[in-house]
Amino acid sequence: MLEKVKLNQFISALFIVLAVFSIYNRTFSLGFDIRFIVLPVLILGFFVAFIVKVKNDNYFLPLTALIAFLLLVIIIIQDQLAWLNSDLSKNNSVYKNVLILYCYNFLMVLYLFLNRDYLDNKVFLNSLIFSSLFLSFSSIYQVLVGDLPFVSAGSTGEAFQDELSILGVRPAGYAHDPNYTSLLMVFSIYVVSKTRPKNLFTIICLSLFAFTLFASGSKTVMMICFLLLIRIAFIKLKLRVLFNVGFIVVLLFGLLTVLSFFEQLSTFSQRLTMWNLAINGFYDSPFLGQGITGVRSLLAQDMRYVQPHNGWLALLVDHGLIVSSIIASCILALIFKAKTRGVRYLIVIFCFLSISNEMWVYPYWVLFLAFPFVFKINLGTKNV
């Protein structure tokens, strides 16, 4: 029995490392998609975890797993109804791939819930740091050399040219998109600063991640990070209420000024155009939505982009107000259910950064349904 438990823990660790690596290093390839490795490991993990549960006479099915499965069923039903009523042209090949991704991500969530007693928080944290270091070094290599080795077919190893960024480029490394790189660097800086001892390795990690963030980060991410840093400063000064009131005042009276300033930047101007198209698409079917990949079909009519660089708008366009409200309620419940300040803050950061990144389109937001319940990571005890 002990051998089966150790085998289960080993497979769980292998799955976590590969899953984290595959999410952010999308363009790294040795001739095949890394997810083709993750899936069989995931299926094997289900099988071994089931054997361990049977041997322990543990037939309990977590309520959280049932809720996650029910949410997937609701999303699929809504998707079918939405496309029946949508006037958009469906890209069937893209639709099929994204629908598989929905099922694939929910399958990972179910595995995490069912097997959470055997998951190792240390493995998760180390896999996150390893993936961040690999991505950071690949971004630096991209700046110095230009062409990345082992880039998957159909992807590009070229850095984005941007005169307003450090070194004049926004390298993405194996993440392919600078927004992915920025998101992982923000997460990693926070996690490393809270979990690692203050030694030379920690200093090197934080320095690399900070450089990569500012070298490759989108301007919208920078603005959001700036607001978060201001909030942390006000909390340290015990002026949290003053910050919250001031933030609301800025939102009510200063938002147009902020937008007009950032509109001068080409990337932000393009985002405003995409956001406007997405909002109009939401108005066309506000309650039922356009269906999975509906936002892609919408933008394909007028722009070369396949997603609006705003996760919340993508959620509203694809799933409509009803299902989006259910998803938002689940995420809000996670924030209140999180047992530590750090886990809660990571979810808040993810929600903030979703204003400008595409991770909701693929959709990796599903994994956050399991994160607070499964990984009891000690990142602080005070409320945010």
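Values for this structure:
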{"item": "Cα Rg, Dmax (largest Cα-Cα span) when computed across the stretch 80-139, Å", "result": "18.1, 48"}
{"item": "Largest-first ordering by accessible area, 1.4 Å probe, given options K194, K53, K96", "result": "K96, K194, K53"}
{"item": "Cα convex hull volume per residue for the stretch 88-216 (Å³)", "result": "160 Å³"}
{"item": "Mean Cβ neighbour count within 10 Å, used as a protection proxy, ranking 143-149, 281-287 highest first", "result": "281-287, 143-149"}
{"item": "Amide H partners (placed H, <5 Å) of V169, local residues excluded", "result": "D162"}
{"item": "Once the Cα gyration tensor of the stretch 22-72 is diagonalised, semi-axes √(5λ) in Å", "result": "30, 16, 7"}
{"item": "Å² of accessible area per residue within the stretch 275-330, as computed with a 1.4 Å probe and no ligands counted", "result": "40 Å²"}
{"item": "Normalised contact order of the stretch 1-157, rounded percent, pairs of Cα under 8 Å and 6 or more residues apart", "result": "43 percent"}
{"item": "F36-K96 pseudo-label distance in nm [points 7 Å out on the Cα-to-Cβ vector]", "result": "1.6 nm"}
{"item": "Given charges at beta-carbon only (K, R positive; D, E negative), |dipole| of the stretch 299-375 in Debye", "result": "440 debye"}
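The values are calculated or read from the model by the stated rules, or taken from the named source; none is laboratory data. Just so we're clear, the structure is a prediction, and the values are computed from it rather than from any experiment. With ideal geometry, Cβ positions are generated from the backbone for all residues, glycine too; neighbour counts draw on all protein chains shown. We work out accessible area using only protein heavy atoms, side chains counted, and drop any ligands, DNA or RNA first. Shrake-Rupley method; radii C 1.70, N 1.55, O 1.52, S 1.80 Å.
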